[in-house]
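The values are calculated or read from the model by the stated rules, or taken from the named source; none is laboratory data. Please read these numbers as outputs of a predicted model, since none were measured by experiment. Note that we place each Cβ from the backbone using ideal geometry, even for glycine, and neighbour counts take in every protein chain shown. For accessibility, only protein heavy atoms count, side chains too; no ligands or nucleic acids. Shrake-Rupley method; radii C 1.70, N 1.55, O 1.52, S 1.80 Å.
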Amino acid sequence: MIRLLGVSKTVTSGEQRLTILHPLTTTIERGQFVAIVGPSGSGKSTLLGLIAGLDAPTSGSVVIDGTDITRLDEDALARLRGATIGFVFQFFHLIPSLTARENVAVPMEIAGAADASARASALLAELGLTDRAHHYPSQLSGGEQQRVALARALANDPAILLADEPTGNLDTATGRHIMDLLRRIHKARGTTLVLVTHDADLAALADARLVLRDGRVVESAGVEVVSA
Ligand code: ADP
Ligand code: MG
């Protein structure tokens, strides 16, 4: 379960203080599929980064399965993130000097898994990429790179999968394939899925929706929200 309690983000640019996420309180249940939608610049990536602990809120707490991650030191946060959260980005963010299998193995190696390479191969097989395991990212199509990124996100069998416009850099058919995989994983593994998208068709697939505008939730469905 993900609980946000009065979570906000204010940044300083030059002389100005700019609130890019206004205090937000909400709960995402375990196993829920929530879509975060809204126009470009509305704060979607900011919100996802705060849930992931990639960014620290200006106020409020992010509580993941009972742990307030805003109170953890860097090492503890990194460990929790590695064990609990998988993240998929619009631009894949694979390590260019590593093969597909090596990219997928990285989070498992960090976590100290003994069989990282074999498990990476199994994940690539699950995503239909066995024959691409030894390819470097530059040798893969966008859809293949995103499937490798998805395999990497699943490396430590996370309870939570966060995806920031994962189809935003793919053609429609490839994007649909990635979405099918995300939904299949969500259903088969019971993973909590938080998807940022500006595609209304994709958002309609979710159990719940948050609509952001100018850093505020202006509409929601299937989830209780207090947005100041
Ligand atoms: P979205 O993902 O919905 O497009 P973002 O969360 O990336 O929106 O950004 C929300 C707003 O905050 C945008 O106007 C963006 O320019 C601004 N922003 C994001 N991060 C920073 C930062 N570190 N410093 C200044 N402004 C930022
Ligand atoms: Mg964004």
Taking segment 143-202, which residues are over 22 Å from GLY41 (Cα atoms), among the hydroxyl-bearing types (Ser, Thr, Tyr) and open to solvent by less than 30 Å² (accessible area, probe 1.4 Å)? THR191, THR192
Any strands (runs of 3 or more DSSP E) falling wholly within segment 113-228 and containing at least 1 residues that are out of contact with any helix residue (DSSP H, G or I) (no Cβ under 7 Å at 6 or more places or on another chain): 192-196, 208-213, 216-221, 225-227
Reported set for segment 28-40 where residues are on the phi < 0 side of the Ramachandran plot, within 12 Å of ligand 2 (Cβ to nearest atom) and not in a strand (DSSP E or B) is PRO39, SER40
So which of PHE91, PHE87 ends up being within 16 Å of ligand 2 (Cβ to nearest atom), assigned to a loop (DSSP other than H, G, I, E, B) and over 20 Å from VAL223 (Cβ atoms)? PHE91
Expected output for segment 214-225 (first residue free of Cβ contacts under 8 Å to residues at least 12 places away in the same chain, partner open to solvent by 60 Å² or more (accessible area, probe 1.4 Å), Cβ below 9 Å, 6+ apart or cross-chain) is GLU219/ARG209; GLU219/ARG213
Evaluate segment 2-16: report whether one residue or more is at positive phi, open to solvent by less than 30 Å² (accessible area, probe 1.4 Å) and not in a strand (DSSP E or B). no
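A quick yes/no check of all residues on (1) more than 16 Å from ligand 2 (Cβ to nearest atom); (2) assigned to a strand (DSSP E or B); (3) modelled with pLDDT of 95 or more:
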residue	(1), (2), (3)
SER42	no, no, yes
THR46	no, no, yes
LEU54	no, no, no
VAL63	yes, yes, yes
ASP75	yes, no, no
